[in-house]
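Engineer: The structure is given below, and queries will be raised subsequently.
The values are calculated or read from the model by the stated rules, or taken from the named source; none is laboratory data. Here the structure is a predicted model, which means the values were calculated and not measured. FYI the Cβ positions are ideal-geometry reconstructions off the backbone, even for glycines, and counts take in every protein chain you see. The protein model used for the area step is the full one, side chains on, heavy atoms only, and it has no ligands, DNA or RNA in it. Shrake-Rupley method; radii C 1.70, N 1.55, O 1.52, S 1.80 Å.
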Amino acid sequence: MPEVDVQLVQMIVSIPSVCLIFFPSIYAKLTEYVKKKTLLWAAFLTMLVGAVGPLFFDNIYQILVCRFILGLSNGIIMPITIDLIMDLFEGHEQQSMLGYAAAVTSIGGIVFQTLGGWMGSFNWHYCFLATCISVPFYLFALFTLPDIPVPESPQTDQKKPRMRDALSRPLLILGAFMIMWELLYFVFLTNSSLYLVNSGIATTTQVGFITSMVTVGGLIMSALYGRMIPVFKQYILPLAYLITAIGFVIICFAGSVPAMMLGALAIGIGYGISAPCQLNLASSLIPHRYTSVATSVCYTARGIGGFISPVVIGAICSALGKTQGLFSFQLAAVLLFILVLLMLVYEKKMDIHIS
């Protein structure tokens, strides 16, 4: 589509992420009235329409409408997977399942990117068919999951304060941490390719190997998350931020592809720990019946952080008279070290214990 503005084309990728800012809160409200299995069925069917729809269109606006529909389904599917883990598992098994969920997400990213790229090589429309590989997994889940009833409130007037009770001060502060964390994590995703190629450190092909190390690190640590909790306890989230900061420091001083891969691996390890840990921590800050609200806050915060990252980092660089590239990685490293200290203070002030 050479006649279409580049920013419109980029919205094919960004629209589903932007939807994560708004729809998780709607999902949390829906769980008060609709069974989660019913919501999952609705999200599954909506996902098929939004994901496969662009296969039949050549108009950019029709494709963007389909991507919006896909984003709507993501706003239900992503938090509901965490909710179901919280509902069906407890203790160490619950923590392990949170890690496994994050690991499977990484595997899914690898599979969809690879399959979509291969199918798109025949015709660009065909890349959207990659979603169909998820159909048997959804059907398996939908037919085997127990039909969890909607929680009943003993008094009708308890429904009104539900959101107010769930949005506790510790949860909102954690949401602010997640916005900052996602903002800094996206510095690598949005700047690494241009920096690596423009600086002459790596070729376009090598960039793919370097960025894939983030997924590898995330996959490994997500799978090990449940085993790490008893060892590091409440220090596990500051540790994740610290490892990510070290990854950015390595990138700042790296002058070769192997060193860049090591830095990317460290960032992936930090992400693989923090993604399930933040969800686990959020659900522990409020009563169990408000779990849907906690997961919605988490995904909304992540959506906001990822969406505003290029704008915020670009504005800071402009204000300081710096060009994006190496400076953006240096800035991310410094802010992540500050985030480690703030998280330690936060956990101490809130008397948070993870076990």
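Engineer: Count of lysine pairs in the chain with Cα atoms under 25 Å apart, counting only pairs 8 or more residues apart in sequence or on different chains?
Structural biologist: Close lysine pairs under the 25 Å cut-off: 11.
Engineer: Ok, one more. Ranked highest first by average number of other Cβ atoms within 10 Å, how do 64-74, 332-342 line up? Write down the numbers at each step before the final one.
Structural biologist: Working: 64-74: 20.9, 332-342: 18.5.
Going from most to least packed, we get 64-74, 332-342.
Engineer: Show me the ranking of peptides 51-58, 258-265 by mean Cβ neighbours inside 10 Å, starting with the highest.
Structural biologist: Numbers: 51-58: 16.6, 258-265: 20.2.
The most tightly packed comes first, giving 258-265, 51-58.
Engineer: Follow-up question, since we're still on this one. If you stretched the chain out fully between Tyr33 and Val257, how much longer would it get, using 0.36 nm times the residue separation minus the C-alpha to C-alpha distance?
Structural biologist: Details: separation 224, 0.36 × 224 = 80.64 nm, distance 5.25 nm.
Full-extension gain reported as 75.4 nm.
Engineer: Given 25 °C and 0.890 mPa s, how large is the Stokes-Einstein diffusion coefficient of the chain in µm²/s, with Rh as the Kirkwood radius over Cα pairs? Write down the numbers at each step before the final one.
Structural biologist: Details: Rh = 21.3 Å.
Answer from the Stokes-Einstein relation: 115 µm²/s.
Engineer: Quick one: net charge of Lys233's neighbours, Cβ under 15 Å, K/R +1, D/E -1?
Structural biologist: Numbers: positive: Arg227, Lys348; negative: Glu347, Asp351.
With Lys, Arg at +1 and Asp, Glu at -1, the net is 0.
Engineer: Let me have the relative contact order for the chain, percent, based on Cα pairs under 8 Å that are six or more residues apart. Kindly include the intermediate steps, with their values, before the conclusion.
Structural biologist: On the way: 488 pairs, mean separation 89.1, N = 355.
Once normalised by length, the contact order is 25 percent.
Engineer: In the chain, which helices (entire DSSP H runs) extend 20 Å or more along their own long axis, judged by Cα positions, while averaging at least 1.0 on the Kyte-Doolittle scale? Numbers along the way, then the final one.
Structural biologist: Numbers: long enough: 6-30 (36 Å, 1.61); 36-52 (24 Å, 1.36); 60-88 (41 Å, 1.54); 91-120 (43 Å, 0.39); 169-198 (44 Å, 1.30); 204-232 (41 Å, 1.18); 236-253 (26 Å, 2.54); 257-284 (40 Å, 1.17); 291-319 (40 Å, 1.22); 326-349 (35 Å, 1.85).
Length and hydropathy pass: 6-30, 36-52, 60-88, 169-198, 204-232, 236-253, 257-284, 291-319, 326-349.
Engineer: Let me ask something else. How large is the accessible surface per residue of the chain, computed with a 1.4 Å probe and reported in Å² as a whole number? Could you put the intermediate results ahead of the total?
Structural biologist: On the way: 17310 Å² over 355 residues.
With the other protein chains kept in place, the chain gives 49 Å² per residue.
Engineer: At a 10 angstrom cut-off on C-beta neighbours, averaged per residue, how do the peptides 271-281, 244-254 rank from highest to lowest?
Structural biologist: Numbers: 271-281: 25.7, 244-254: 21.8.
Result, highest mean Cβ count within 10 Å first: 271-281, 244-254.
Engineer: Between Gly325 and residues 5 or more places away or on another chain, which pairs have amide H atoms under 5 Å apart, with H built 1.01 Å from N, and which residues are they?
Structural biologist: Placed amide hydrogens put nothing under 5 Å from Gly325.
Engineer: I've got another one for you. What part of the accessible area of the chain, given as a whole %, is carbon or sulfur when the probe is 1.4 angstrom?
Structural biologist: For the chain, the apolar C and S fraction of the accessible surface comes to 69 percent.
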